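Peer 1: Below: one structure in structure tokens.
The values are calculated or read from the model by the stated rules, or taken from the named source; none is laboratory data. These numbers come from a predicted model, not from an experiment. Every residue, glycine as well, gets a Cβ built from its backbone with ideal geometry; the counts of neighbours run over all protein chains shown. Side chains are part of the model used for accessible areas, which takes the heavy atoms of the whole protein and leaves out ligands, DNA and RNA. Shrake-Rupley method; radii C 1.70, N 1.55, O 1.52, S 1.80 Å.
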Amino acid sequence: MILNFTVQNFSSIKEKQTLSFEADKSAHLEESFVIKTGRFRILKMALIFGANASGKTTILKALNFLLDLVLNPAGSKTEELDFKPFLFVQEIDQNAIIRIEFISNAIKYSYEVEFSTIAVVREVLYNHTPGKSLVFKRNTDLTNKLTEIRFGEKIRADKTVSKILEGNTLWNNTVLGGYLKTNIDIAELKEVCDWFGDYLHSVINPRTSMERFISSKFENGELPKENVVKILKKADLNISNIFTKEEVYDSSESVAAILESIINSSIEELQQIEGTKKLSRIKITFEHTVNQVRYNLPIELESQGTRRYFVIAGLLALLIEKPTLLPIDELESSLHPDLYQHFIITFLLNSKHSQIIATTHNREILDNKDLFRNDAIWFTDKNNNGATEIYSLADFDSSVIRNTTNILNAYKSGKLRANPVLGDNYIN
């Protein structure tokens with residue numbers, strides 16, 4: 001589980017900004033919001049509010065960037081890293097820093113990586129068992145484009161293993177990414193790589209094509225379809241069952257014929273069948289029961305809200321079934337406010353070891369203190385230099401926020417900032 005996530009000089013973020021999942025001392029909604037792991041009390045959810053272009057999505061993009069940097073290392077030295085540093089300064093600092101603290105198998109890890117668009121400059125990993133201990137430290141010889149790795153005293157990695165790993169860790173790879181390309185065994189690196197691969201999920205946004213992803217989980221047995229159907233039944237969508245069927249197309253057919261066969265579907269649903277010249281897609285059909293009569297509708301005829309909640313329901317079932325961190329951009333997209341709150345409550349009451357970090361514009365939740373803790377609400381705002389600042393509702397003292405304060409009204413009035421500052425409505 002994530003404890004803290006820190007970003008510096010990445011996109012709209014200039015100075016170091018930290019989002020924390022560590023719960024404060026408040027016992028409010030303790031049973032539903034807080035997971036206790038050893039001496040840590042960790043929040044299940046962080047909701048980020050803020051004006052458009054204030055940097056909410058940047059937090060998620062930075063987390064996604066780190067995930068990709070670890071799991072998908074560049075294959076050649078000439079590949080550049082896909083990010084931009086903060087640009088609203090006369091002298092641009094090319095190096096960015098991302099730091100993450102997390103718990104894996106009851107052990108705390110601290111991982112930090114400094115990088116530019118062309119190279120990973122510095123990288124360090126510590127574990128805490130319980131004392132802080134170095135796993136490895138990496139520096140890059142930028143002149144010769146070579147990686148130098150030093151392991152901690154407690155790590156079992158002889159010089160031969162270290163040299164092999166250095167050779168496979170290109171100057172634009174992380175050591176973790178290099179390890180994934182190397183046939184060696186270092187327990188601590190495997191543990192951390194497994195955490196990135198198994199616990200972190202890539203960002204979900206309203207444009208992400210996830211319908212095939214969810215239905216494929218049914219097909220391979222990772223996700224019981226019945227669990228998703230249960231969630232959909234509780235959402236007042238009249239859905240009583242889901243049917244999936246794989247359709248196969250010969251890629252030698254004309255493109256026009258293939259596209260005609262999947263009209264109104266996402267082209268991303270087409271997948272190449274490995275080792276063949278065939279394309280496949282999974283056809284999804286919803287069964288609706290109305291007045292005890294069953295009707296089948298293909299997903300293409302469903303509303304955007306229904307399709308969105310099918311994905312949300314699938315992700316919710318995964319969060320309950322398997323420990324996962326899920327970043328969601330615009331969580332409320334295409335969802336009625338009641339359905340939005342229903343999702344949050346269902347997640348909080350049923351998940352045991354999963355977390356959500358989500359951006360949102362839905363302010364209604366701030367009007368109900370039975371739905372949130374102050375330390376789970378975050379805001380993004382731009383300072384006078386155009387840089388993103390992130391801060392928690394729990395950061396405000398009693399001069400701004402009291403136990404009796406209506407948080408929604410305080411946010412609307414501008415006391416918490418993170419609102420757009422608009423001009424008048426006259427164009428001329």
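Peer 1: Once you put a point 7 Å from the Cα of LYS84 and another 7 Å from the Cα of LEU142, both along the Cβ direction, what distance in nm separates them?
Peer 2: The answer from the label model is 2.1 nm.
Peer 1: Applying 1/(1 + (r/R0)^6) with R0 = 51 Å to the Cβ-Cβ distance of HIS361 and LYS159, what FRET efficiency is obtained, to the nearest 0.05?
Peer 2: According to the calculation, E is roughly 0.40.
Peer 1: Placing +1 at every Lys and Arg Cβ and -1 at every Asp and Glu Cβ, with all other atoms neutral, what dipole size does the chain have around its Cα centre, in debye to the nearest 20?
Peer 2: My answer is approximately 840 debye.
Peer 1: Over the chain, with the other protein chains present, what is the accessible area per residue in square angstrom, probe 1.4 angstrom?
Peer 2: For the chain, the solvent-accessible area averages 50 Å² per residue.
Peer 1: I would also like to ask the following. Hey, got the dipole for segment 313-428? About the Cα centre, +1 on K and R Cβ, -1 on D and E Cβ, debye to the nearest 20?
Peer 2: Using Cβ point charges on Lys, Arg, Asp and Glu, segment 313-428 gives about 220 debye.
Peer 1: For the chain, what does the helix formula give at 222 nm: sum of -39500 (n - 2.57) over DSSP H segments with n ≥ 4, over the residue count, nearest 500 deg cm²/dmol?
Peer 2: -7500 deg cm²/dmol
Peer 1: Residues with amide H under 5 Å of LEU3's amide H, sequence separation 5 or more or different chain, H placed in the peptide plane at 1.01 Å from N; which?
Peer 2: Placed amide hydrogens put GLU101, PHE102, ILE103 under 5 Å from LEU3.
Peer 1: So, how do all the Cα-to-Cα distances of the chain break down into 20 Å bins, in percent, from 0 on up?
Peer 2: 22, 52, 25, 1
Peer 1: Can you tell me the relative contact order of segment 102-214? Whole percent, Cα pairs under 8 Å, sequence separation 6 or more.
Peer 2: After rounding, I find 17 percent.
Peer 1: Taking θ as phi - 60°, what are the ³J(HN,Hα) couplings along segment 192-202 by the Karplus curve (6.51, -1.76, 1.60), each to the nearest whole Hz, with x for Gly and Pro?
Peer 2: 5, 4, 5, 5, 4, x, 9, 9, 7, 10, 5
Peer 1: As a test of the definition: which semi-axes, in Å, follow for segment 117-220 when you take the square root of five times each eigenvalue of its alpha carbon gyration tensor? Largest first, please.
Peer 2: Over the Cα atoms of segment 117-220, the semi-axes work out to 30, 18, 14 Å.
Peer 1: Here is a further query. What percentage of the solvent-accessible surface of the chain, computed with a 1.4 Å probe over protein heavy atoms, is contributed by carbon and sulfur atoms?
Peer 2: 47
Peer 1: Report, by chain and number, residues whose modeled amide H sits under 5 Å from the one on LEU146, excluding near sequence neighbours (fewer than 5 apart, same chain).
Peer 2: When sequence neighbours closer than 5 places are left aside, the close amide H contacts are ASP141.
Peer 1: Applying a 10 Å radius around every beta-carbon, put 14-24, 147-157 in order of their mean neighbour count, most first.
Peer 2: Highest to lowest by the protection proxy: 14-24, 147-157.
Peer 1: Could you pull out every residue, at least 5 positions away or on a different chain, whose amide H is within less than 5 Å of the one on PHE136? Hs are placed 1.01 Å off N in the peptide plane, and Pro or chain starts have none.
Peer 2: It is LEU125, GLY152, by chain and number.
Peer 1: Another question, then. Name the residues of segment 59-83 whose amide N is less than 12 Å from a point 7 angstrom out from the Cα of ASN183 along the C-beta direction?
Peer 2: The answer is none, because no backbone nitrogen lies closer than 12 Å to the label point.
Peer 1: Report the relative contact order of segment 156-220, percent, no decimals, based on alpha-carbon pairs under 8 angstrom and at least 6 residues apart.
Peer 2: This gives 21 percent for segment 156-220.
Peer 1: In addition: How large is ³J(HN,Hα), in whole Hz, for each residue of segment 166-175 in order, when computed from phi with the Karplus curve 6.51 cos²θ - 1.76 cosθ + 1.60 and θ = phi - 60°, using x for Gly and Pro?
Peer 2: 4, x, 8, 9, 4, 5, 9, 9, 7, 4
Peer 1: Where does each of 186-194, 116-124 land if you order them by average Cβ count within 10 Å, highest first?
Peer 2: 116-124, 186-194
Peer 1: Multiplying the sequence separation of GLU112 and LYS278 by 0.36 nm and subtracting their Cα-Cα distance, what value in nm do you get?
Peer 2: Going from the current span to full extension adds 55.4 nm.
Peer 1: Roughly how many debye, to the nearest 20, is the charge dipole of segment 10-57 about its Cα centre, given +1 on each Lys and Arg Cβ, -1 on each Asp and Glu Cβ, and no other charges?
Peer 2: So the dipole magnitude of segment 10-57 works out to roughly 140 debye.
Peer 1: Also, I was wondering about something else. Can you tell me the relative contact order of the chain? Whole percent, Cα pairs under 8 Å, sequence separation 6 or more.
Peer 2: It rounds to 19 percent for the chain.
Peer 1: Further question: Show me, for segment 69-83, the HN-Hα J-couplings you get by feeding each phi into the Karplus relation (A = 6.51, B = -1.76, C = 1.60, θ = phi - 60°), rounded to Hz, glycine and proline as x.
Peer 2: Rounded to whole hertz, the list is 4, 7, 8, 10, x, 4, x, 9, 5, 8, 6, 8, 7, 8, 7.
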